[in-house]
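Heads up, the thing below is written out as structure tokens.
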Amino acid sequence: MAKHPDAQRLDMLHGTLDMLILRTLQWGPQHGHGIGQAIRAQSDDLLKVETGSLYPALHRLVKRGWLKWEWDVSEANQRAKYYKLTAAGKAQLAREQDRWSQLVNAIGRIMSPARAASGGPGSKE
Amino acid sequence: MRPGDDDLDEEIRGHLALSIKDRIERGEDPAAARLAALKEFGNLTLTRDSMRSVWRPRWFDAVEALARDIRFAVRSLLRAKGLAATVVVTLALGIGANAAIFSVVRGVLLRPLVNRDEDRLIYIRQSAPGLAASNMTFSVPEINDFKSRVTTISAFGDFSTVEFAMIGLGGEPRMVKAGVVGGSFFDVMGLRPVLGRLLNAKDDGPDAAGAAVLTYRFWSTSLDSDPTVIGKTIRLGPRTATVVGVLEPSVPYPADTEIIANVVTSPHHLGATMVTMRTHRMTELFGRLAPGATLDAARAELTAIHDAIKTEHPEAYSAKANVQITLTRLRDQIASPARTILLVLLAAAAVVFVIACSNVANLILARSVRREGELAVRAALGAGYGALRRTLLAESLVLCGAGAVLGVAIARPLVAIVARYAARFSIRALAVTVDPSVLWVGGGLAMAAAVLLAYVPRLPSPYASAFATSWLWRTRRSLGAGGPAGLGLAGGSVRITPGTNRRLRAFATIQIAFSFVLLAGAGMLLATLITLQTASTGYNMRQVLAFDIPPSATGVTGAKVVDFYQEATRRIGQLPGVDGVAVGSFVPWRDAGTFGSGVRFSADGYKRADGEEDPIARLRLAAPRLFGVLGVPLLAGRDFTDDDRDSSEPVSIVSQSVAQRQFPNGDALNGHMWWTDPYFGKPVPRRIVGVVADVDDESVIGRPAMAIYMPVRSVGFGGRLFVHAAGDPYALVPAVRRVIREISADQPVERAATLEDVRAEVLSPERLNAFVFSAFAGIALLIAVVGVAGVLAFSVSARTREFGVRLAVGAAPRRLLARVLSEGVLIAAIGIAAGAGGGYALASVAAKFFGHVELPGTVPVIGAAAVLIGAAVIASLMPAARASRVDVLQALRSE
């Protein structure tokens, strides 16, 4: 879906958006725009989250009980919805982090049997 | 938690504001920042929709897809209104008929009775197959034997039907049918009063006060549910009784009576004959299973005791009579006469449904062949197999749903008709109303039909692209080299494949086959009815008016009754327009069964073989001139006269078959006969003074019956008055009634009807049978005609080009007409053959379950076949005419 020819951004790996959102919110409540900016900044502009994916994902996580929202006034002086991790969300984040590191390990072993842990183009995924 | 639309909008606005602020802070121009932020956000509406869809339950999407398909189906069906209407009406008929019959079947056969613990309530019957007596009831000594010996039945209830001349409870004196019961009856039946009390053990015995309970139907219809009726005194014949209560609505069994009274109201029940005579049977017996006892255990015990009783009293149970005892649950007993007829109706309704479905399948198949192009293009554009099937399913759901709604709507009036009809066989049908099961049945049938129909048409999908390509290719080829392929879609060309053609014809044949079965069945019933209605009865049917003038109204018997008859006869005979008047004892057919199967007698010079029992003859009473009034010819000797009275010589008149069988030498006249039944005491030889023609007053199908007549005057009993009218018989009714009332003010005069109308009344179940079945057959025929016409019309329109070519090369239009007609007739002929074969096979299967199954005779079968062939010709005429009038140029150009 993200087809910006100008940037060499990486497409979001399927299923990782939820984890990234949860991870970002670990630092405290944040509104949607802030979450998108945080993911972008922390990935050195390599990952860009489309609003069209971000907001449905946020609502999905709320529906599942991992996030909750509250309204507050943003730095733009306007009401904005701030998302916040719930206890269940924290547990889920821990689970996803485990799973993710297992996956990276497994894929890394296949792609670089010599345990080239960093520097390769494929390791970022 | 689910956010509203405002919430979503505000969240998006908040996002945009932040995004714009960021950009301005980075130094962008505010206007440009705003545009950039909006651009970056992408499609606002889409994002909002996908946010909203997160909160929707999962089934929502499936329903939405189906709703889309259904909207599409409705739109495309609206373009084919004729087809849609035909399908909906056809299905509605099939579904409505089934739903109606099913709710009656449910109400009559499956619903529990209102009686307390009705599954423990049993009905006990004594029958004598050897005497063709299916219900010989019980006598009081027999019941007492059971009461003292049986352990598996905790209590017995007894019920006997009598007629009382009732005075009181409004209006003039009239005859009522009443039950006479012992004190345990209502407790055994497990019924409650809606008003007052029912009868109990204190009402038993000769010293109790007369007490009567009104049935709910009588109380609510004849007395307008008047609560003050309790405590009123009524005259029942010579006795009186107090109304003590009203019975709750319940199935009246064994007889639909108006009142139920205790034993003391009926002098006969207290008499020695009733109490001590083992063969004087007139009581129906009910029982309640003892706690822990099963029906089988009770059956075994009762049968054993019954066998013991038979051995103890051989004189009351002749070997030839082969007296048997049977136990059934009351519910099953009540339903049993209706079971066969209802199951037959259910089968007929199912057949109509099959016909309706195959007709609809035909129409749908034809339609889908026309749509083959459309489907192929949709498949080529990426519609999957499932999506195409769903399109078809949506369409058949719309059609069948509409059909079901209409069907359930017509089920309501149908239930009323069928229930009134079934009430002739089971009293329970009176209470049947449309119940929710109709909706379930209708809906279920519609769903079944919808799914079936969705799978009838062949789909292009599995080879979607290849099929579409080949279809487009074929289209282009038929259009000629240069034509654009797309035109074929608009042209709606139809290509009928041999497979489709076969299927269409198969469905049409099925319809004809099933219609044939129904038509032949209806024909059989009609033939029976016509036979019954036109059978010669030996009576003067039109001009003879029959009245009931029950004798015991005032408790007067004997000589006074005879005087009354004589006076009434004399004065009615003087009325203008009366050709003749006489008293008798038996209105033909209307009184059938009320005198039992006959009385044993013997005659001069007749020697019976060893072990043979005395012959049985019907005992009838006749006043002078009765035979003349009824139109029954006197073959020899003389009629009774006023001098044949109890003090003079005992005489009798016999029917021709008695004379022939008992007096083979032709010397019946002046011979003697005597009753040998112990009921008549010491045999008295009666001189035979006359021989009359045979008439059958028990059954409208006249069979020679042995009947022996005794003079009314010598018995002092009659109860039926016959008037031979010169003109309109019914015009005499008020005058006759007035004359009788002048003589005896308390005398009921009832049920005036000509013999012709009595027969019509007796035949009404047969007429209803024939009517209902004919209605089914008519519906089936109509559907089949539509089916055959549809198939041929389709086949003709698909072969327009062929006919064009034929005409172009010189075929005569008449030949084409004949060709299409013969196709229709061929379908009908194959269908009839299949129907005949299948019908006979079905009948032989049914015979295994129902014992004897009547097969239609030659005339109904040939008639049904002729009707179907005729219908097929009519159905083929329109398509055939169209085929012969094909415009050659148009036909050749159209492809």
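For this structure, a couple of remarks:
- Candidate set: segment B:207-232, residues that are of a type in the set (D, E, K, R) and more than 34 Å from the chain's Cα centre (by Cα); chosen: the one surrounded by the fewest Cβ atoms within 10 Å (Cβ to Cβ): B:Asp207
- Candidates B:Thr283, B:Thr276, filtered to the one that is in contact with a Pro (Cβ under 8 Å, 6 or more places away or on another chain) and either over 30 Å from B:Phe164 (Cβ atoms) or of a type in the set (Ser, Thr, Tyr) (or both): B:Thr276
- Taken together, the residues in segment B:308-356 that are in a helix (DSSP H, G or I) and within 26 Å of the chain's Cα centre (by Cα) amount to 27.
- Qualifying residue in segment B:5-25 (condition: surrounded by 19 or more Cβ atoms within 10 Å (Cβ to Cβ), of a type in the set (Gly, Ala, Ser) and farther than 19 Å from A:Lys48 by Cβ): yes
Residue-by-condition table, conditions (1) without any contact (Cβ under 8 Å) to a residue 60 or more places away in the chain; (2) acidic (Asp, Glu); (3) surrounded by 14 or more Cβ atoms within 10 Å (Cβ to Cβ); (4) out of contact with any Cys (no Cβ under 6 Å at 6 or more places or on another chain):
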{"position": "B:Val599", "(1), (2), (3), (4)": "no, no, yes, yes"}
{"position": "B:Tyr606", "(1), (2), (3), (4)": "yes, no, yes, yes"}
{"position": "B:Ile616", "(1), (2), (3), (4)": "no, no, yes, yes"}
{"position": "B:Leu619", "(1), (2), (3), (4)": "no, no, yes, yes"}
{"position": "B:Val684", "(1), (2), (3), (4)": "yes, no, no, yes"}
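- Residue within segment B:830-852 that is over 30 Å from B:Val517 (Cβ atoms) and touching a residue at least 24 places away in the same chain (Cβ under 8 Å) present: no
- Some residue of segment B:22-32 being more than 8 Å from chain A (Cβ to nearest Cβ) and either among the β-branched types (Val, Ile, Thr) or within 58 Å of the chain's Cα centre (by Cα) (or both): yes
- Restricted to segment B:365-395, and to residues there that are of a type in the set (A, V, I, L, M, F, W, C), in contact with a Ser or Thr (Cβ under 9 Å, 6 or more places away or on another chain) and more than 19 Å from B:Gly499 (Cα to Cα), the residue that is surrounded by the fewest Cβ atoms within 10 Å (Cβ to Cβ) is B:Ala387.
- Exactly one residue among B:Val692, B:Val700, B:Val739 is out of contact with any Asp or Glu (no Cβ under 8 Å at 6 or more places or on another chain), touching a residue at least 12 places away in the same chain (Cβ under 8 Å) and under 17 Å from B:Glu750 (Cα atoms), and that residue is B:Val739.
- Unique residue being more than 20 Å from A:Gly36 (Cα to Cα), of a type in the set (Gly, Ala, Ser), in a helix (DSSP H, G or I) and facing another protein chain (nearest Cβ under 8 Å) when the list is B:Ser76, B:Ser53, B:Ser19: B:Ser53
- Residue within segment B:755-775 that is buried (at least 20 other Cβ atoms within 10 Å of the Cβ) and within 30 Å of B:Leu83 (Cα to Cα) present: yes
Every residue, every condition in (1) within 9 Å of another protein chain (Cβ to nearest Cβ); (2) assigned to a strand (DSSP E or B), yes or no:
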| residue | (1), (2) |
| --- | --- |
| A:His33 | yes, no |
| A:Gln37 | yes, no |
| A:Ala41 | no, no |
| A:Val49 | no, no |
| A:Glu75 | yes, no |
| A:Lys84 | no, yes |
| A:Gly89 | no, no |
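- Among the residues listed as B:Pro337, B:Pro314, the single one being at pLDDT below 80, farther than 30 Å from B:Leu78 by Cα and not hydrophobic (A, V, I, L, M, F, W, C): B:Pro337
- Residue match in segment B:728-747 (condition: closer than 30 Å to B:Gln574 by Cβ, at pLDDT 80 or above, in contact with a Ser or Thr (Cβ under 6 Å, 6 or more places away or on another chain) and not polar (S, T, N, Q)): yes
- Subset of segment B:726-736 (residues that are crowded, with 16+ Cβ neighbours inside 10 Å and under 37 Å from the mean Cα position of the chain (by Cα)): B:Pro729, B:Leu732, B:Val733
- Single residue of B:Arg503, B:Arg477 found to be over 25 Å from B:Gly790 (Cα atoms), at pLDDT below 80 and assigned to a helix (DSSP H, G or I): B:Arg477
- With respect to being of a type in the set (Asp, Glu) and touching a helix residue (DSSP H, G or I) at 6+ places or on another chain (Cβ under 7 Å), B:Asp158 fits the description.
- Flag for B:Gly94 being in a helix (DSSP H, G or I), more than 30 Å from B:Asn362 (Cα to Cα) and away from chain A (no Cβ under 14 Å): no
- Test result for B:Pro3, within 10 Å of chain A (Cβ to nearest Cβ), within 60 Å of the chain's Cα centre (by Cα) and either more than 26 Å from A:Lys63 (Cβ to Cβ) or at pLDDT below 90 (or both): yes
- Index of the failed condition, B:Thr279 passing every other in (1) assigned to a loop (DSSP other than H, G, I, E, B); (2) under 35 Å from the mean Cα position of the chain (by Cα): (2)
- Remark: pairs (first residue in segment B:387-406, in contact (Cβ under 8 Å) with a residue 12 or more places away in the chain; second residue among the charged types (D, E, K, R); Cβ separation under 7 Å; 6+ apart in sequence or on different chains) = B:Leu388/B:Arg378; B:Arg390/B:Asp69; B:Thr391/B:Asp69; B:Ala394/B:Asp69.
- Top-ranked residue of segment A:62-71 - restricted to ones that are more than 9 Å from chain B (Cβ to nearest Cβ) and free of Cβ contacts under 8 Å to residues at least 40 places away in the same chain, ranked as farthest from A:Gly89 (Cα to Cα): A:Arg64
- Scanning segment A:18-31 for residues that are buried (at least 18 other Cβ atoms within 10 Å of the Cβ), more than 10 Å from every other protein chain (Cβ to nearest Cβ) and not in a helix (DSSP H, G or I) returns a single hit, A:Gln30.
- Any chance A:His59 is more than 12 Å from the chain's Cα centre (by Cα), within 7 Å of another protein chain (Cβ to nearest Cβ) and either outside any helix (DSSP H, G or I) or farther than 17 Å from B:Ser50 by Cα (or both): no
- Every residue from segment B:32-59 that is out of contact with any helix residue (DSSP H, G or I) (no Cβ under 9 Å at 6 or more places or on another chain) and either at pLDDT 90 or above or buried (at least 17 other Cβ atoms within 10 Å of the Cβ) (or both): B:Leu35
The values are calculated or read from the model by the stated rules, or taken from the named source; none is laboratory data. Everything numeric here is computed off the predicted structure, so don't read it as measured data. A quick note on method: Cβ atoms are made from the backbone with ideal geometry, for glycine too, and the neighbour counts reach across all protein chains shown.
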